[in-house]
1. Going by average Cβ neighbours within 10 Å, how do the peptides 78-85, 272-279 rank, with the highest at the top?
2. Could you identify which residue out of 209, 263, 38 has the top mean-square fluctuation in a GNM of the chain using Cα springs shorter than 10 Å?
3. Got the relative contact order for the stretch 11-130 handy, in percent, Cα pairs under 8 Å and 6 or more residues apart?
4. Using a Förster radius of 35 Å, what is the FRET efficiency between residue 149 and residue 97 based on their Cβ-Cβ separation? Nearest 0.05, please.
5. Shape call for the chain from the C-alpha gyration tensor, a ≥ b ≥ c root eigenvalues: rounded (a/c under 1.5), prolate (a/b greater than b/c) or oblate?
6. Can you tell me the 0 to 90 degree angle between the C-alpha axis of helix 270-282 and the longest principal axis of the chain, rounded to 10?
7. For the peptides 103-111, 149-157, what is the packing order when you average, over each peptide's residues, the other Cβ atoms within 10 Å and list the highest mean first?
8. First select every other residue whose beta carbon is under 9 angstrom from the beta carbon of residue 261; then total the charges, Lys and Arg +1, Asp and Glu -1.
Amino acid sequence: MSLAVGVDAGGTSTRAWVVDAEGRVVGTGTGGGANPNSHPPESAARAMTEAITTAMAGSDPADVRAWVIGMAGRSKLTDPHIAAVFEREWDTLGFVHVRRPTLVSDAVAAFVSATAEPHGTVLVAGTGSVAGRIRDREMVGTVGGYGWLLGDEGSGFWLGRQAVRITLDVLSGNHPPTRLADAVLHQAGIDPQAPDAAFRLITAVNAESPVHVARYAPLVSSAHADGDAAAVAIVDQAAALLTDTALAARDDGETTPVVLVGSVLGPTSPVGERVRAALRAATDAPVLGSDNGVLGAAWLAALDAFGPEIPRPETGTVEGGPRTSPSPGAAPLP
């Protein structure tokens, strides 16, 4: 038997799938966060190998012909010290034919998980934001992705910062009172009646790592649901920025799929709802959602191991167990 292994190495959790030459998922495993940007390299590497080892239970490591890891910020592994930590862990897996994996971005893995089409666009909006041009299931160009200081328009960071700025405008008398501002001050533990409330909010925000301002982003969605005018304006602006970012990564008249990834673009997010509507109006293209990067990583590994005719893996249990239709992550979002 020949096998391929796909891994979705997230900051919170890790998933691994083992796929055979017919595209069947013959083993699955989960573990803790395996992204070295979020965890010490030793614990991240250990979590990854634990997920893979669980997925490989009952299979011979010598049968693995290819493996792919989807990871955000995979450039971290260009650090020789961090790479050495992961390589020591990978050596324990016993993959004799292919000892080192192919590393792809989580955005590429997410795109491949959502569509069988080889070309298209992926738009990611979580804490940060970026759009990618996908050709032959590879990222060949990006728009945005410059980080919180230089970009990340429409992202969770951007939403949180806008919420704080509106709150400061309310406190300074330059904006009418809003439910959003009340929610920001409540979360920050600041009395809105305090004469120095604005200075306290500025101090509280600056005391944290800049990206932590994204923790105020969910307040925008909540206030939007209540009809708060400030939140509605922020949501509309975020959606416009993200839509423009996605369109900038596409050719004129392009009809390939657009895949949306990240919490800001999720099915319950008001920003995501507006972005989906705007993209469908601007392009004659399917707009899909993905939350199942391990499917994409596993299929990329299978394509490498078995060739272009290998079917996309199906979500399911190990071989011989119940089977299901393709992952919901591959279906259009409502």
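1. Ranked by mean Cβ neighbours within 10 Å, highest first: 272-279, 78-85.
2. For the chain, modelled as a Gaussian network with Cα springs under 10 Å, the answer is 209.
3. 21 percent.
4. That pair, residue 149 with residue 97, gives E of 0.20.
5. Note, shape of the chain comes out prolate.
6. Taking the Cα atoms of the chain, the angle to 270-282 is about 70 degrees.
7. 103-111, 149-157
8. My count for the surroundings of residue 261 gives -2.
Rule-based calculations on the coordinates, nothing more; no lab input. Here the structure is a predicted model, which is why all the values come from computation and not from measurement. When we count neighbours, we look across all protein chains shown, and the Cβ atoms used for this are built from the backbone with ideal geometry, even at glycine.
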